[in-house]
Amino acid sequence: MTTDWRPPIPAWILAGRVVAIGRGLAPDRIAQIGEGLAAGGVGAFEITMNSPAALESITRLASRFTPEELLIGAGTVMTTDAARAALDAGARFIVMPHLDPAVIEVGLERGVPTFPGAFTPTEALRAWLAGASAVKLFPASAVGPAFVHELRGPMPEIPFIPTGGVTIDSGPEFIAAGAVAVGIGSWLTGSGDPAEIGERGARLVRALQAARP
């Protein structure tokens, strides 16, 4: 299947192999959290749209960091209106817990990668054919790394980003099974302390990169 018409997965996600997920974080602390992630080598930070003042947080981060420093995205994007609002605020990738071709189309129109959620082979293939840049396997903890390995057999061209219950222990197993990256939330960003976030981020990135050099 050709892929040259879809936006590529950003290099900063592929390098660190992780998308940090920020859910329910206060906007006035968001820049410091971003600084901790960047210091730890985490290249991508997703702000969920069901967080308080999510658009404000995305705007603050997009103003503070260049994509080379920290790529900012929006998660839990449920509608086309939410996708457009997030992109207007400065998001550079869109993540969904579900599959909605209309939201994928918004990303294609704007040249921005989308990562829709899927839980079955049928959903994963539908997402890919609709123009997803990668498929978010969600909730990943319900199926485990072996599921990624099995999916990659008939669908080697589809990049998977397992998310939901992924930990520093299971993350490297997902990467070894063939995932291109993982999404990790509260363990990484929940403390709000930049120093701790930086330390955890660095430890996580090392583990993920070592899982499949």
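The values are calculated or read from the model by the stated rules, or taken from the named source; none is laboratory data. From a predicted model like this one, the values you see are computed outputs, not experimental measurements. Note that we place each Cβ from the backbone using ideal geometry, even for glycine, and neighbour counts take in every protein chain shown.
One table, with the values for the structure above:
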| quantity | calculated |
| --- | --- |
| Residue that is surrounded by the most Cβ atoms within 10 Å (Cβ to Cβ) [pool: residues in the range 193-213 that are of a type outside the set (Lys, Arg) and not in a helix (DSSP H, G or I)] | 193 |
| Any hit, the range 67-85, residues being buried (at least 24 other Cβ atoms within 10 Å of the Cβ), touching a Ser or Thr at 6+ places or on another chain (Cβ under 6 Å) and either of a type in the set (Asp, Glu) or free of Cβ contacts under 8 Å to residues at least 40 places away in the same chain (or both) | no |
| Residue under evaluation residue 59, criteria (1) surrounded by fewer than 16 Cβ atoms within 10 Å (Cβ to Cβ); (2) over 17 Å from the mean Cα position of the chain (by Cα), criterion not met | (1) |
| Per-region count, the range 107-127, residues surrounded by fewer than 22 Cβ atoms within 10 Å (Cβ to Cβ) and not basic (Lys, Arg) | 10 |
| Tally of residues being closer than 18 Å to residue 21 by Cβ and touching a Leu at 6+ places or on another chain (Cβ under 9 Å) across the range 137-158 | 1 |
| One residue from 119, 115 being aromatic (Phe, Trp, Tyr) and within 20 Å of residue 49 (Cα to Cα) | 115 |
| Residue 88, sole failed condition from (1) surrounded by fewer than 24 Cβ atoms within 10 Å (Cβ to Cβ); (2) of a type outside the set (Phe, Trp, Tyr); (3) not in a helix (DSSP H, G or I) | (3) |
| Verdict on residue 34 being crowded, with 24+ Cβ neighbours inside 10 Å and touching a residue at least 24 places away in the same chain (Cβ under 8 Å) | yes |
| Within the range 35-85, considering residues that are part of a loop (DSSP other than H, G, I, E, B) and of a type in the set (S, T, N, Q), the one farthest from residue 194 (Cα to Cα) | 79 |
| Residue check for residue 2: modelled with pLDDT under 95 and of a type in the set (Val, Ile, Thr) | yes |
| Enumeration of residues in the range 4-25 that are farther than 19 Å from residue 104 by Cα, of a type outside the set (Lys, Arg) and over 12 Å from the mean Cα position of the chain (by Cα) | 11, 15, 24, 25 |
| Breaking point among (1) under 20 Å from residue 42 (Cβ atoms); (2) touching a residue at least 60 places away in the same chain (Cβ under 8 Å); (3) surrounded by fewer than 22 Cβ atoms within 10 Å (Cβ to Cβ), for residue 93 | (3) |
| Close pairs from the range 184-203: first aliphatic (A, V, I, L, M), partner in a loop (DSSP other than H, G, I, E, B) and at pLDDT 95 or above, Cβ under 7 Å, at least 6 apart | 184/166; 197/40; 202/40; 202/41 |
| Residue check, residue 135 within 14 Å of the chain's Cα centre (by Cα), under 29 Å from residue 35 (Cβ atoms) and modelled with pLDDT of 95 or more | no |
| Odd one out for residue 153 among (1) touching a residue at least 12 places away in the same chain (Cβ under 8 Å); (2) farther than 19 Å from residue 113 by Cβ | (1) |
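Rundown of residues vs (1) within 23 Å of residue 175 (Cα to Cα); (2) modelled with pLDDT of 95 or more; (3) not acidic (Asp, Glu), yes/no style:
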site: 16; (1), (2), (3): yes, yes, yes
site: 30; (1), (2), (3): no, yes, yes
site: 52; (1), (2), (3): no, no, yes
site: 75; (1), (2), (3): yes, yes, yes
site: 80; (1), (2), (3): no, yes, yes
site: 84; (1), (2), (3): no, yes, yes
site: 88; (1), (2), (3): no, yes, no
